[in-house]
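Peer 1: Handing you this structure, nothing more for now.
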Amino acid sequence: MRAIILVGGFGTRLRPLTNDKPKQILTVGNRPMLENVIEKLTNHGITEVILSMGFQPSAFVDAYPDETCVGLPIKYVIEPEPLDTAGAIRFAALQSDVDETFLVCNGDVITDIDVSELTAFHRNVAAEATISLTPTDNPSRYGIVPIDNNGQVKGFIEKPLGPDFETNLVNAGYYLMEPSTLDRIASDRPVSVETEIFPKMAEDKTLYAVPSETYWIDAGTPETFLQANLDLLNGVRDKKINGVHDQASVSPNALVETSIIGRGVKIADGVHIKNSVLMEGAEVEKDVRIEGSIVGERAKIGESSQVLELTIVDHEEIVEKRTQLRSVRISETSD
Ligand code: GDD
Ligand code: MG
């Protein structure tokens, strides 16, 4: 079975880190987010990944020039313009001659979901499409999906305003689809799978869904991007990693607590880093404190600065000595 992974969005919620690169290329656990997604597909009979690209496609092609990622072959498909989620699925499927059941994944969703289980359910109920669902405390950020006792989808409401919701089960961004789904998608305009195609399929009673309690996160916002990184350290995933890259240089007089420290990062004396992500090549001068924040590639944090409370420092950015940053996004284009 083939998997279409949607990676064509602009990643606006992660700016400035995504000004020049797609969010799926940003690192989670010191490797591109995309690898965290694809690694979970390898044991579930996926034979090829079709990357549905739009914004900055060259970032992917440059990262995987031999057209494989975590051992799976990749086919690159570039949209001529943003086609929205359903338009992107249709375009990628047609470009790849998809003619049997296929998987679709949102490229910013990191999960330990069992795709084989989802596939078994899909075949068992003979659905036209089957959505994986996850429980959430915050339904208004996602697509809410009420189902009946057989898993048949009763409706699909994308990002409802609330405050009351029929269910806390939301679209996890993983779908199995039959090729007939593609015939529902107009070819001459952008089409959203969430606001147009799924609601119509729910009406036609051909759409099913399966709730899952397994690890799931949409890493597309600053909070969740940071969390997705830290979750590789705190034991909530089915594996744990060493957060400090072998090729990082951390002073013995620095303290690094539950943080991801990338390749080539330099950390000087007296630095305290906690619950943070420092991407490849970042440099931290002495006596700096960084907590709950994200520091982009090759950024430099000057002596005695404080970077706190979900601050994002852009790639290549230089923070002057003794700067205090709280909950801000620092980049050349930030003002
Ligand atoms: N190729 C292509 N073209 N990809 C796109 C486009 C497009 O025009 N628009 C968005 N994408 C990709 C994004 O790069 C991302 O990987 C995925 O589609 C989903 O887009 P997001 O922008 O991250 O959507 P969201 O997080 O607000 O909501 C979606 O995901 C939630 C689960 O994480 C919806 O599917 C919700 O219903 C769902 O609950
Ligand atoms: Mg998302």
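Peer 1: Beta carbons within 10 angstrom, averaged per residue: use that to sort the peptides 69-81, 193-205, highest first.
Peer 2: Sorting 69-81, 193-205 by mean packing, highest first, produces 193-205, 69-81.
Peer 1: Let me ask something additional. Apply the Kirkwood formula to region 249-330: the hydrodynamic radius equals the inverse of the mean of 1/r over all pairs of different alpha-carbon atoms; give it in Å with one decimal.
Peer 2: Computed over region 249-330, the radius equals 11.7 Å.
Peer 1: I've got another one for you. Work out, step by step, the length gained on full extension between THR12 and THR167: first 0.36 nm times the residue separation, then minus their alpha carbon distance; give nm to one decimal.
Peer 2: Once the chain is fully extended between THR12 and THR167, it gains 53.0 nm.
Peer 1: While we're here: I'd like the FRET efficiency for HIS272 and ASP238, computed as 1/(1 + (r/R0)^6) with the beta carbon distance as r and R0 of 22 Å, rounded to 0.05.
Peer 2: Step by step, r from the Cβ atoms, then E = 0.15.
Peer 1: Give me the net charge for the shell around ASP84: Cβ to Cβ below 12 angstrom, other residues only, Lys and Arg +1, Asp and Glu -1.
Peer 2: Here the charged neighbours net out to -3.
Peer 1: Let me ask something else about it. For region 2-218, compute Rh as the Kirkwood radius over C-alpha pairs and then the Stokes-Einstein diffusion coefficient at 20 °C and 1.002 mPa s; write the answer in µm²/s, rounded to an integer.
Peer 2: 123 µm²/s
Peer 1: Between region 204-250 and region 90-145, how many Å separate their Cα centres?
Peer 2: 17 Å
Peer 1: With Cβ to Cβ distances under 14 Å as the rule, what net charge do the other residues near ALA282 carry (K, R +1; D, E -1)? Before the final figure, lay out each step's value.
Peer 2: Values: positive: ARG263, LYS266, ARG298, LYS300; negative: GLU280, GLU283, GLU285, GLU297, ASP314, GLU316, GLU317.
Residues close to ALA282 contribute a combined charge of -3.
Peer 1: While we're here: Please work out the ratio of the alpha-carbon Rg of region 97-174 to 2.2 N^0.38 Å and round it to two decimals.
Peer 2: 1.15
Peer 1: While we're on this one: First compute the accessible area of the chain with a 1.4 Å probe, then give the percent of it belonging to carbon and sulfur atoms.
Peer 2: Here carbon and sulfur together make up 45 percent of the probe-accessible area.
Peer 1: So, one more: In whole Hz, with x marking every Gly and Pro, tabulate ³J(HN,Hα) for region 36-51 from phi via Karplus 6.51 cos²θ - 1.76 cosθ + 1.60, θ = phi - 60°.
Peer 2: Each residue of region 36-51 in turn: 5, 6, 5, 4, 7, 9, 5, 9, 10, x, 7, 9, 7, 9, 9, 8 Hz.
Peer 1: For the chain, give the magnitude of the charge dipole about the Cα centre (Cβ charges: +1 Lys/Arg, -1 Asp/Glu; no others), in debye to the nearest 20.
Peer 2: For the chain, the charge dipole is close to 540 debye.
Peer 1: In terms of the Cα gyration tensor, with a ≥ b ≥ c the square roots of its eigenvalues, is region 248-288 rounded because a/c is under 1.5, prolate because a/b exceeds b/c, or oblate?
Peer 2: Because a/c hits 1.5 or more and a/b fails to exceed b/c, region 248-288 counts as oblate.
Peer 1: So what is the calculated 222 nm ellipticity per residue for the chain, using -39500 (n - 2.57) for each DSSP H run with n of 4 or more, over all residues, to the nearest 500 deg cm²/dmol?
Peer 2: Helix-only estimate at 222 nm: -4000 deg cm²/dmol.
Peer 1: Given a Förster distance of 35 angstrom, what is the FRET efficiency for ASP137 paired with LYS200, based on the Cβ-Cβ distance and rounded to 0.05?
Peer 2: 0.75
Peer 1: Give a quick list of GluC sites (Glu not before Pro) in region 275-335 that DSSP marks as loop, anything other than H, G, I, E or B, with at most 12 other Cβ atoms within 10 Å.
Peer 2: The qualifying sites are GLU309, GLU320, GLU332.
Peer 1: Next up: So with the 1.4 Å probe, I'd like the accessible area per residue for the chain, rounded to whole Å².
Peer 2: 43 Å²
Peer 1: Cα centroids of region 284-322 and region 33-73: how far apart, whole angstrom?
Peer 2: That distance is 31 Å.
The values are calculated or read from the model by the stated rules, or taken from the named source; none is laboratory data. Here the structure is a predicted model, which is why all the values come from computation and not from measurement. Neighbour counts run over all protein chains shown; Cβ positions are idealised from the backbone, glycine included. Note: accessible area is taken over every heavy atom of the protein model, side chains too, but ligands, DNA and RNA are not part of it. Shrake-Rupley method; radii C 1.70, N 1.55, O 1.52, S 1.80 Å.
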